[in-house]
Amino acid sequence: MKTNRTPFVIRFFAATGCKGWLAIGFFSLLTFVLVPAAHLMLPADHALHVSDYAVTLIGKVMCYAIVAVAMDLIWGFAGILSLGHGLFFALGGYAFGMYLMRSIGLDGVYKSHLTDFMVFLDWKEYPWYWTGTEHFLYAVFLVLVIPASLAFVFGYFAFRSRIKGVYFAIISQALTFAFMLLFFRNATGFGGNNGFTDFKRILGYSITAPEMRVTLFALSAFMLMFTLILGRYLMQSKFGRILTAIRDAEMRVMFLGYNPLWYKLFIWTVSAMLCAIAGALYVPQVGIINPSEMSTANSIEIAIWTAVGGRGTLVGPVIGAFLVNLSKSWFTVAFPEYWLFFLGLLFVVVTLLLPQGMVGLWQKLRHRSMR
């Protein structure tokens, strides 16, 4: 039997074509060099200066784009529509937020080693599940392990029971809603309705310093590129071909001797971990995490980003995340009362007229111009 002996690293980089690497090179130049230089080196009154607001906004949207690509991996390529990805995003944010809260130290309002909300609620010590969260590496470990473990357990029982389609979407939404209600309670030890906020530092460096802001921005950009490259590699491999076959004809794949459970479970768990990492990068940039991140509307928005950009394309969800969220930033300022109507209309139009999203529209126009 002939096997592929090409080294993993070579196959990994070969998964992205020449045009893709040119796009990644340009994106790297923009996010790692030009934007940081314009933010740190140019005075605020300079025409090319990138403001604090712009760096934070784009960094936040890149975190959303990572989540959108993670959604595309399971919905676009595996046919699994999840309305609960906001849960994994929020769990990653909370896991890293615990470290950020511990890093406040005595600089809180009550000048206590406990967090302010614990002092206010008359707690005497940290709960057992806060143990070790003052260490950065342990917090990173929690960011990866907690959402992945939950996704694995939930996915195992759901996929083993062959739950799919709208039923899977509903139970994933129910899981997220249940966690949101749990985190709203003060007794759970996660800040209740207010969540975590008033962060001071990361690894001893001020979280509001321009250098830290640019560092978080660059990390978000790097993670977005890594997610795209990883997704492209997976989908162009044998694993990706089997996964899309499961999406299109699961029964036929089973007759060929493959067990769809493990393919679905692997991509589902990877997708959850990517969402969690995005949440961990999102929290220090935005400065707050609370249970509203687990709301039903947030998880639905993730699906909208993917649909608007074009599911099953990888780059489409990135476009959708930027288009919708930048529009949201403008609409909520200019026409705050009409934003939700615009978002609903956008989703309806895309569903009815642009089933392949913006990427599909571009491909159609390109094919027509080449005739």
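With the simple spin-label model, which puts each label point 7 Å out from Cα in the Cβ direction, the SER295 to LEU42 separation comes to 3.5 nm.
What do you get when you divide the Cα radius of gyration of the chain by 2.2 N^0.38 Å, with N the number of residues?
1.03
On a 0 to 90° scale, report how tilted helix 315-334 is relative to the longest principal axis of the chain, with both axes built from alpha carbons and the result rounded to the nearest 10. For helix 315-334, the angle is close to 40 degrees.
Sort out for me the Cα centre separation of segment 277-310 from segment 185-247, rounded to whole Å. About 10 Å separates the Cα centre of segment 277-310 from the one of segment 185-247.
Per residue, the Cα convex hull of segment 231-318 amounts to 117 Å³.
Using the C-alpha gyration tensor of segment 194-284, what are the square roots of 5 times its eigenvalues, in whole angstrom, with the largest one first?
39, 14, 8
Basic side chains Lys and Arg get +1 at the Cβ, acidic Asp and Glu get -1 at the Cβ, and with that the dipole of the chain about its Cα centre reaches some 1820 debye. With axes computed from alpha carbons, what is the tilt in degrees of helix 357-369 against the longest principal axis of the chain, rounded to the nearest 10 within 0 to 90? Between the helix axis and the principal axis of the chain, the angle is about 40 degrees. For the chain, the longest principal axis of the Cα atoms and the long axis of helix 85-102 meet at an angle of about 30 degrees. Contact order for the chain, expressed relative to its length and based on alpha carbon pairs under 8 Å spaced 6+ residues apart, stands at 30 percent. Filter LYS60/LYS264; LYS200/LYS264; LYS60/LYS124; LYS200/LYS328; LYS164/LYS238 down to the pairs with a C-alpha to C-alpha distance above 31 Å, please. Long pairs (Cα-Cα over 31 Å): LYS200/LYS264; LYS60/LYS124. With each label modelled as a point 7 angstrom along the Cα→C-beta vector, the LYS238-ALA174 pair spans 3.8 nm.
Whole percent per 5 Å bin, from 0 to the bin with the longest distance: what is P(r) over all C-alpha pairs of segment 84-163? Spelled out per bin, shortest first, that is 3, 14, 20, 18, 15, 12, 8, 5, 3, 1, 0. Given their separation in residues at 0.36 nm each and the Cα-Cα distance between them, LEU57 and VAL33 gain 6.9 nm when the chain is fully extended. Take segment 19-152, drop everything but the C-alpha atoms, weight them equally and run the Debye formula without solvent; then report log10 I(q)/I(0) at 0.09, 0.15, 0.20 Å⁻¹ to two decimals. Rounded to two decimals, the profile gives -0.45, -1.02, -1.15.
Each value in this text was obtained by applying a stated rule to the coordinates, not by laboratory testing. Computed from a predicted structure; not experimentally measured. Don't worry about glycine lacking a Cβ; one is built from the backbone with ideal geometry, like all the others, and counts go over all protein chains shown.
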